[in-house]
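The values are calculated or read from the model by the stated rules, or taken from the named source; none is laboratory data. Computed from a prediction, not measured in an experiment: that's the story for all the values here. Glycine gets a Cβ as well: all are built from the backbone with ideal geometry, and neighbour counts include every protein chain shown.
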Amino acid sequence: MGKVIPNREQAYELLKKYNKSESLINHALAVESVMLHFAEKLGEEDKEKWGIIGLVHDLDYEMYPEEHCKKTEEILTEENWPEDYIRAIVSHGWKMCSDVEPVETMEKVLYTIDELTGLIHANALMRPTGISGMKVKSVKKKWKDKSFAAGVNREVIAEGAEMLGMDLSKVIEETIKGMEKVAEEIGIKK
């Protein structure tokens with residue numbers, strides 16, 4: 001049987017099957033939006049693929065946190081998803097829960113912005129205007145405060161930006177722009 005190229009609706013249904021947590025679903029929507037933004041910015045042909053990979057990147061996290069990335073690989077293999085989709089998703093856990101190194105641009109973007117969306121989301125929740133008008137310097141100020149959003153792995157973000165050959169400030173700026181597109185839906189627009 002041939003591989004199934006998932007569409008956005010199928011990917012979202014699969015996400016909801018394995019995730020009930022509003023915060024995890026909002027994170028998935030944020031990452032999807034940022035992936036779509038970067039695909040557009042970089043002139044990628046298959047933007048939907050980028051979005052779908054962003055949407056389901058943490059598919060297994062709620063139900064199988066100890067098997068993060070490994071369980072997603074199993075689930076998506078059973079669902080007959082294409083290998084390149086699975087590889088891209090598994091690579092976002094490189095050196096944390098996966099030994100699959102991000103090599104494609106799409107993989108490097110996912111690796112970089114996954115943690116960054118968390119930092120920006122937390123920052124938006126603290127601001128009276130939410131994400132509206134958020135500046136890079138505001139995020140960088142919070143970046144330096146290691147107790148703020150302490151679970152965010154800043155080293156991964158910095159390493160990812162370097163892998164992409166992009167200045168960290170530019171990555172932050174573009175990630176903010178990507179998140180603004182779903183700000184209302186994920187509760188960071190005030």
So how many residues does segment 120-136 have that are surrounded by 14 or more Cβ atoms within 10 Å (Cβ to Cβ) and farther than 16 Å from I172 by Cβ? 1
Note: among V109, V152, V171, V139, just one is within 18 Å of the chain's Cα centre (by Cα), buried (at least 20 other Cβ atoms within 10 Å of the Cβ) and over 30 Å from E73 (Cβ atoms), namely V139
Can you find a residue that is closer than 25 Å to V103 by Cβ, without any contact (Cβ under 8 Å) to a residue 12 or more places away in the chain and out of contact with any His (no Cβ under 7 Å at 6 or more places or on another chain) anywhere in segment 139-158? yes
Condition met for I25 (within 27 Å of E159 (Cα to Cα) and part of a helix (DSSP H, G or I)): yes
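Conditions tested, residue by residue: (1) surrounded by 13 or more Cβ atoms within 10 Å (Cβ to Cβ); (2) modelled with pLDDT of 95 or more.
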residue: V4; (1), (2): yes, no
residue: E13; (1), (2): no, yes
residue: K16; (1), (2): no, yes
residue: K49; (1), (2): yes, yes
residue: E83; (1), (2): no, yes
residue: E115; (1), (2): yes, yes
Can you spot a residue in segment 88-102 that is more than 14 Å from the chain's Cα centre (by Cα), buried (at least 18 other Cβ atoms within 10 Å of the Cβ) and of a type in the set (S, T, Y)? yes
Would you please list the contacts, defined by Cβ atoms under 7 Å and residues six or more apart or on different chains, that run from a residue in segment 1-25 that is under 11 Å from W81 (Cα atoms) to a residue that is assigned to a helix (DSSP H, G or I)? P6/I52; A11/I52; A11/L55; A11/V56
Can you pull out the residues in segment 123-136 that are among the basic types (K, R) and over 21 Å from the mean Cα position of the chain (by Cα)? R127
Filter result (buried (at least 16 other Cβ atoms within 10 Å of the Cβ) and not in a helix (DSSP H, G or I)) within segment 28-44: E44
